[in-house]
Protein chains: 2
Amino acid sequence: MNTLDALYSELTLKTNAKLVLAVMDGLGDLATAAQGNLTPLEAARTPNLDALVRQGCAQGRMIPVAPGITPGSGPGHLALFGYDPVEYQVGRGVIEALGLGLELQPGDVAARANFCTLDANGLVTDRRAGRIATSVCEELCAKLAARIKKVGDVEVIIQAGKEHRFVVVFRGKGLEGPVTSTDPNREGLPLAEAKPENARSAAQKKTAKAVAEFYRQALPVIASHPKANGFLLRGIAHQPAIPLFEERYRLKPAALAVYPMYKGLAQLVGMAKIEGPQTIQEQFERYLAEYDRYDFFFIHFKYTDKYGEDGNFEAKKKAVEEFDAALPILLRKQPDVLAITGDHSTPCAVKGHSWHPQPVLLHSALSGSDKLERFTETGANLGSLGVFEAKYLIRLMQANAKMFDKFGA
Amino acid sequence: MNTLDALYSELTLKTNAKLVLAVMDGLGDLATAAQGNLTPLEAARTPNLDALVRQGCAQGRMIPVAPGITPGSGPGHLALFGYDPVEYQVGRGVIEALGLGLELQPGDVAARANFCTLDANGLVTDRRAGRIATSVCEELCAKLAARIKKVGDVEVIIQAGKEHRFVVVFRGKGLEGPVTSTDPNREGLPLAEAKPENARSAAQKKTAKAVAEFYRQALPVIASHPKANGFLLRGIAHQPAIPLFEERYRLKPAALAVYPMYKGLAQLVGMAKIEGPQTIQEQFERYLAEYDRYDFFFIHFKYTDKYGEDGNFEAKKKAVEEFDAALPILLRKQPDVLAITGDHSTPCAVKGHSWHPQPVLLHSALSGSDKLERFTETGANLGSLGVFEAKYLIRLMQANAKMFDKFGA
């Protein structure tokens, strides 16, 4: 733990406060001339957010990781959960496994895998096995899972994904990543050997050995398939040791997320997953029902990101309006501290995630008022929170909940 | 390399983007009642900057080094080039040598020197030798240079500066700084002995020995001069190992600077120096001519700083207007990313460099619009970039050029 985290811990008080972090995924956007110099958030009709802002909110903008760095969902959410995303790096295998709904355990090593085509000499001729159908992938994975339960004393878990993609989890004592990928990175080369990244790590050596043994057993099982007769393993790493959310913040946390990836990220830090709700209305209703059972609610809304990725300005604007329309449900049991933000920006003009600081709104009895009329990117530039690293949001939420003792006399 | 720099490196992609960093030296200023509460940038007529802002720019203010720290040109520019100026400290001797146009080589140790007056007992009676005329300094330096080519196996290069100031460069194998100054720091004391700062460094010992031998040979050469019969050596250090700009950012860089100091700083990080242009019009014209040959252009405009140092508000305002008038030349080949800023503030009210964050403007297809009308200090306070450390500017430029891969899944 670094000095500052240790200080926060030392000052943290247990209270009865309720905190809500509502994430409109990829919320931030860019004002461009093509859209009348407005962002979707600015163009949207948001009477309920507007009313909240007029009641008194602090606004600002958050740097998801570091200036100029575009985060994936993993680092974006870890920062929102208060974990430095550079310090706590999560391997692609782990993220994919979580994304496919696998329940990882501490020490598990996960690899993202994809089927590939090998020629008679064992050279990779197609790194994606002609993008076989998902149903074919599922059949092959079922076949592998039926035949291979263990390699040595290491349990193997295989989960099919979309098209040629799947995930392999190695579970057992004394395993550790990262080990190098078996992907030769271009066609015409043989599969690479998985090697410990740190040659002196016995745990990495054991993992590399398990990978090799898995290949020895698995390749014959699929050898007769015309396209998918081989596979590549990448991002082979263990679930990093992440301090549990509840211990770190003295808040009992629950996640209300629809998509597996976000449930998985919440699970990574030890949040309870509340299953069932499919719409933001249902998520907010469920929050009301669970209100007494938890102190901290992470509520994830996907569609702002989805339509940003599509470059669909109108749909992203409508997604914001959908969130806004549902907000009064949440406010029936107003939490002590409410933060509304994104995990990063997904500007329609970019059609993907970006580095632009996302706007954030903080509402509590102690948030004060920035005297703004609405919650927008341009307004957030003028807010009292300034531009700050996203990992500090939860500390501001805790402070607004009076969860910190005074530092020094 | 620190963790964050390593992460940036790992994510950096090679592209065909063109990036331009145009520096109005000492641009930032203070609004004072004496000048109608406007800064020179605010008072200036800047139709071309205004038009650029209305096309869509992100603005903010940059802390050159750390809050409250006033940088010299060295740290100011290193930060703009993306190097932490506290991590990469360049000795005053090296800066002075670069400023006098000397071409330093890796391993060279440079000292800033000034003539002083010694009495019959060898005590310093005037640390500046009565501020002798520059012509006298040049004569004495020529005499020293003619007599002393080497001390042991170490080559000596002597270059006169203004008044009593000059520079001595020690070039040879196995040299290293820093060694302590020979300046007793007040009059009435003898010259101090140059000593290794790290007593266990053989290279520092060798440098100290070379300094002592240089004194042994040099003092007799100037002994008969009535005022300048001694000299002090300060800031004795080698050119630090600075990662090359091109490797660090995957951008082939060129510098268009008129003054030797800025050419030298550009050279320090491995930029190509484009010689010839004397005015900002000529610099921008030359940028057009060299457009295809480089990826990154550093264009340095001195006069905002110069008139700020003079406390001449009207002249500083006119310098901004001169830059603005030339801007359309640059925009004939609009780069993918254009940043316009200063290396620090040089407020007329201070008549010198200051710590006040300088305004910065960033223009690209992905900069978005902060909906501001002009580029000013007060406007920059409202911008989406917020207040940030200058060393991150180049990372934001790279991000705007789509030069970073996504971080994490």
List the helices (runs of 4 or more DSSP H) inside the stretch A:2-64, counting only whole elements, that have at least 3 residues being away from chain B (no Cβ under 14 Å). A:3-11, A:47-56
Of all the residues that make up the stretch A:136-155, how many are part of a strand (DSSP E or B), among the aliphatic types (A, V, I, L, M) and touching a strand residue (DSSP E or B) at 6+ places or on another chain (Cβ under 6 Å)? 1
Can you tell me which of B:335, B:347, B:328 is at pLDDT 95 or above and within 25 Å of residue A:67 (Cα to Cα)? B:335
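Can you tell me which of A:210, A:257 is of a type in the set (A, V, I, L, M) and farther than 29 Å from residue A:84 by Cβ?
Result of the check over A:210, A:257: A:210.
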Failed item in (1) touching a residue at least 24 places away in the same chain (Cβ under 8 Å); (2) within 14 Å of chain B (Cβ to nearest Cβ); (3) within 30 Å of residue A:338 (Cβ to Cβ), with residue A:82 passing the rest: (2)
Have a look at A:89, A:105 and point out the one that is within 14 Å of another protein chain (Cβ to nearest Cβ), in contact (Cβ under 8 Å) with a residue 12 or more places away in the chain and not charged (D, E, K, R). A:89
Show the residue pairs that are 6+ apart or on different chains and have beta-carbon atoms under 7 Å apart, the first residue being within the stretch A:68-79 and more than 7 Å from chain B (Cβ to nearest Cβ), the second being part of a helix (DSSP H, G or I) and of a type in the set (Lys, Arg). A:79/A:391
Residue match in the stretch A:100-114 (condition: at positive phi and crowded, with 19+ Cβ neighbours inside 10 Å): no
Just one listed residue, out of A:351, A:371, is out of contact with any strand residue (DSSP E or B) (no Cβ under 9 Å at 6 or more places or on another chain) and over 20 Å from residue A:76 (Cβ atoms), and it is A:371
Could you check residue B:80 against (1) closer than 28 Å to residue B:173 by Cα; (2) surrounded by 21 or more Cβ atoms within 10 Å (Cβ to Cβ) and say which number it fails? (1)
Identify, by number, the condition in (1) more than 9 Å from every other protein chain (Cβ to nearest Cβ); (2) touching a helix residue (DSSP H, G or I) at 6+ places or on another chain (Cβ under 8 Å) that residue A:120 doesn't meet. (2)
Cβ-Cβ under 8 Å, sequence separation 6+ or interchain: first residue in the stretch A:174-188 and touching a residue at least 12 places away in the same chain (Cβ under 8 Å) and at negative phi, partner buried (at least 20 other Cβ atoms within 10 Å of the Cβ) and of a type in the set (Lys, Arg). Which pairs? A:175/A:206; A:176/A:206
Please verify whether residue A:240 is buried (at least 17 other Cβ atoms within 10 Å of the Cβ), within 27 Å of residue B:407 (Cβ to Cβ) and at pLDDT below 95, treating the condition exactly as stated. no
Please name all residue pairs, on different chains or six or more residues apart, with Cβ atoms under 8 Å, provided the first residue is in the stretch B:217-230 and is surrounded by 14 or more Cβ atoms within 10 Å (Cβ to Cβ) and the second residue is among the hydroxyl-bearing types (Ser, Thr, Tyr) and modelled with pLDDT of 95 or more. B:227/B:117; B:228/B:117; B:229/B:117; B:230/B:117
For the stretch A:311-334, does any single residue satisfy the condition of being in the same structural domain as residue A:366 (by TED's automatic domain parsing), in contact with an Asp or Glu (Cβ under 6 Å, 6 or more places away or on another chain), under 19 Å from residue A:362 (Cα atoms) and buried (at least 23 other Cβ atoms within 10 Å of the Cβ)? no
In the stretch B:111-135, anything in a loop (DSSP other than H, G, I, E, B), in contact with a strand residue (DSSP E or B) (Cβ under 9 Å, 6 or more places away or on another chain) and farther than 21 Å from residue B:100 by Cα is listed as B:119, B:121, B:122, B:127
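The values are calculated or read from the model by the stated rules, or taken from the named source; none is laboratory data. Just so you know, these numbers come straight off a predicted model, no measurement behind them. Glycine gets a Cβ as well: all are built from the backbone with ideal geometry, and neighbour counts include every protein chain shown.
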